[in-house]
Amino acid sequence: MLAMFKGAEVDVSAHLEQATELGLYGIGLVFLFFAIRPELWRRLWFTRVDPRPVALMRIAFGLVVFITFYDLLFPMNPLDFSVARFLFTDEGLWLTDMARKNYGGGLRDVYDAEHGFQNWYDPIKLLWGKFTVLHLRSDPAFSMTLYYVMLGCVVSMIFGFRTRLVTIVAFILVESIYRYSPIFYTGGDTVVRVFLFLGMFTRWGEAYSIDSWLRRKTLLLRGTDAEFMSPAGLGTGGKFVRFLVLGFLGIWRQSKGAVATAIPPLRTIPAWPIRLMMLQLSIIYMATGILKSGSTWKDGTALYFALNLDHFYRVPVTGLVTFMHWSLILPNTAIFVRWWEVLFPVVAIGAALNAFERERLRGEWPKAALWRKLTSIGVFLAAWGAFAWVAGAAGMYFLPKEVQSHVHPAQRHAVYGWALMAVPILCIGLYWALRLFAPKVLWFIRTWVFGKRFWLVFGFALHIGIDVGMNVGTFAEVMMSVYLCWLSGPEVETFWTFVYSRRCAPGEGGRPSRDSKVMGLLHLLPDWFKYRKPGPRTVVRHDSADGSVCRAGLLRMLDLGGRLDFVEDDDVPAQTLVVEHDGEKLQGSQAAASLTKVLPIFLWLRPLRKVPGVGALARRLMSQR
Amino acid sequence: MSEHTPTKPAPQGLAHDLLHAPVPEPERSQPWAYRTWAMALVSLFVAYHATILMVHNLPNKGLSKGLHKWFNDTHEPEFLGKPRKLSFDMRTYMLATGNTQSWAMFAPNPHRSNTFMKVMVKDKDGDIWDMAHDIYGRRRYPYLFYDRMGKINRRIIEQKGYRRHYAAWVCREWERTHDGVPAIEIQFVKMWTRVPPPEKAIADAGGNPFKMGYDPMELKLFQREEDGIRCRTTRHGQLPNYLRERYGLPLLEKEDKVFRPVVHRSWWDKKETAERAKKAGGLVGKRLRPGAKTGGAK
């Protein structure tokens, strides 16, 4: 099957019809498998997951989208006006009607520049296609207004303000802009589009967002029980009833001076859009790996050529590139990268296996009657068999002749088909054998060979390498940003703890003192990662009144690395917080300015803290009133 | 910041609950994302999107060509004794949702030559001007901000269909920047250099790592004249009056004679043609009717 991605057209008509039918049967059988085991389907798509990883992705991805479009607001040779004006307005490359004629799809049939639409409902019908309003009007005032509104929505999405709404509007506007003309597209733009589409369905505003903070602030100050807020707590009452009840309850409780009895937790979110993102990323890598079927990827010269292309390199370093090729670094990397891409879906299998093992141990993995298990295994093997038959035929047509020479032509299809059929059976057998006889090997396979730590960390390094050596737009950045959806909540928490920790000196915190310089150098990175101690902490003093405690609680909700210590201090005036910084007790704007270093959400204010008024702004923001 | 140990005893009550108890993990008030009926609905979408995504990313040739066709075609399965129309409309779905995708980056091979398109203008006096649209020898290093115009320059080499449109823009741009005076012709010249194969680059250095590498500007530059596109006859190769007005340029007296618009038959044109044909048909019908008056000369 994979070989079909290669360029040459081969006459496959003898097997085409059967391949199509079997492909369809295969797809149908996969769905039948899930019909027999609906609990697995539900576990796969409809479980609720921690919102933090995808919220972090929202910020990183949003920043990349913003930079992608912000970059176009500047002129580039040979233009004396912005690239955006050149690409998306009638003062640039395309006059409106030419763009409409070439890329308007159905619009060109139902729209007349003088007489408008043929029917009132045509605009609605056009939404099912590649409609953009810019094909109706694209003067700079209109196009650029749309453009700036889009940028505003992306910024709002990054901050997580009205996240769901602005994500949808951002998607519509980003699409409207992209659809005007495809002449400038890069791979990074395609990644932006497909992930922003999935972003519309993702509740990625449930953490690290203004929305989530406002919700939790209300809960904390009003003292409404978190359980009562949840739909399950209220039963099937619906949103309106909940809104009314909570509103009255909140006012009543506030009037009584009641507050929450715990920090309001974040809400978990549906997993299915995140799973689709994971599927999309796997497809991107697998497809691009398979499409790299040319001779340069096989003989390892691909990276040498790519890094020497005038259009891409950051700086012309042909000497270094030739040296890296000569020393076999580039050839090996090229071959490895290609196979890493082709096999990337392994990490998805790894994620599923690890979830299975984890939940099996906890007794949470969905159970099923024996007959359902056996039937579903049969159906799975039948589906696999259908795909194996097609892949066997593809092998017969597309594998190189020298590879096929040792198999009789009449037997090739059957041999390849059965060989592929045996793969899952062997894998499952090996898996159970390892679990029984070599659990440590299985653990290694699950966590390293199939684990995120290998696939994602290598991918991260790969994209950093691409970005350092070549300028291919924001492709590397956007790909790295979407990796975040693969993480779990505790992994994100570990990340923050790591970021705000300090490395231990040799001999400190269990870190061994390496006598030899060579050993010290070799262990530098592992030791840097492994031996950490908590970073400096900041003390927040508050008085004992509930109001002050609540204010301090609100600050705690922003403390991602757990770096704040809270101390009750009767000397602190009511409704005031005092921050201890370098032994000094700070209040007001000074306290807020010092917290810009501690609370990641206010890091952006840090470089500006000396500017008059910024401290006051930080204080306003942090007072959270 | 200071290393600090709280001096007071551990607080109780609200201060303990809010400031010292562990921050609760995200609440999972219910195990599943939705109620059953909602899960069924979302399942349909998830199954559709996932299937379409995978089929769309299979090659549209070879053994998977049939799958592409099947997911694009309209089928007529029988349901309750009647044939019903059913289509998965893959292509339109991917277009409508912005999911059309191709991941052929540096595939099947990265280019082994650097290609550039020189864009030149022949003005009204017959002088030739290099518009410096290509990056050959012009790029500044380090190359930090992505150059979309460089990408477009490569696009017009790879996809010839874009050249006419690009030339039309260059014509308009020339008019804009030359007080409304049009150019005569846009000439495209393809230029390329070949990246020396690694074996040659290594052999040239005699295996000495410190002598490896080459100067990209020392590579032999090949040039070939490609299209010559005339501004006067190219559609949208002239500034229409609404743009001249915006730019403060003199308006065309006979715009319809100078400006070459897009030719496209909209629904209105088709309707008018149909009505004319109907009228003409009626006239012909009258003529043919026995006893009817002919429109001929008396």
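Structure data summary
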quantity	calculated
Label-point gap, in nm, between A:Leu214 and A:Tyr121 - each point 7 angstrom along Cα→Cβ	3.7 nm
A:Arg551 - accessible surface, heavy atoms, 1.4 Å probe, Å² rounded to 10	40 Å²
Accessible surface of region B:13-75, 1.4 Å probe, proportion on carbon and sulfur as whole %	64 percent
Space enclosed by the convex hull of the alpha-carbon atoms of region A:101-204, per residue, Å³	116 Å³
1.4 Å probe, heavy atoms, protein only - residues of region B:238-278 losing at least 10 Å² accessible area vs chain alone	B:Tyr242, B:Leu243, B:Arg246, B:Tyr247, B:Val262, B:Val263, B:His264, B:Ser266, B:Trp267, B:Trp268, B:Lys270
Shape box of the protein assembly as shown [Cα atoms, principal axes, largest first, Å]	117, 80, 76
Sites A:Lys585 and A:Val149, calculated FRET efficiency, Cβ-Cβ separation with R0 60 Å, nearest 0.05	0.85
Spread of Cα-to-Cα distances over 10 Å intervals beginning at zero, given as percent, for region A:301-381	15, 24, 19, 13, 14, 13, 1
Hull-based mean projected area of region A:481-532, where the convex hull spans the alpha carbons, in square nanometres	4.6 nm²
Helix runs (DSSP H) in chain B reaching 27 Å along axis by Cα, Kyte-Doolittle at least 0.5	B:36-56
Using a Förster distance of 22 Å, the FRET efficiency for B:Asp130-A:Tyr185 (Cβ separation, nearest 0.05)	0.20
10 Å Cβ shell holding at most 14 others, DSSP loop, GluC sites (Glu not before Pro): longest site-free stretch of chain A	A:115-363
Accessible carbon and sulfur surface of region B:89-230 relative to its total accessible area, %, 1.4 Å	50 percent
Pairwise burial A:B, computed as accessible area of each alone minus the pair, summed, 1.4 Å, Å²	13100 Å²
Modelled FRET efficiency - R0 41 Å, A:Val423 with B:Leu86, Cβ distances, 0.05 increments	0.75
Computed [θ] at 222 nm, helices only, for the protein assembly as shown once each DSSP H run of length n ≥ 4 contributes -39500 (n - 2.57)	-16000 deg cm²/dmol
Distant-in-sequence amide H partners of A:Val49 (H built 1.01 Å from N, under 5 Å)	A:Ile269, A:Ala271
Within the accessible area of region A:308-364 (1.4 Å probe), percent carbon and sulfur	72 percent
Quotient of C-alpha Rg and 2.2 N^0.38 Å, computed over region A:423-559	1.54
Chain A, relative contact order in percent, only Cα pairs under 8 angstrom and at least six apart counted	16 percent
Restraint check, A:Lys101/A:Lys130; B:Lys200/B:Lys220; B:Lys122/B:Lys220; A:Lys298/A:Lys401; A:Lys292/B:Lys61; A:Lys101/B:Lys254, Cα-Cα greater than 19 Å	B:Lys122/B:Lys220; A:Lys101/B:Lys254
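The values are calculated or read from the model by the stated rules, or taken from the named source; none is laboratory data. Fair warning: this is a prediction, and the values are worked out from it, not measured in the lab. Note that each Cβ is placed from the backbone with ideal geometry, even for glycine, and that neighbours are counted across all protein chains shown. Areas reflect the complete protein model, heavy atoms only, side chains present, ligands, DNA and RNA absent. Shrake-Rupley method; radii C 1.70, N 1.55, O 1.52, S 1.80 Å.
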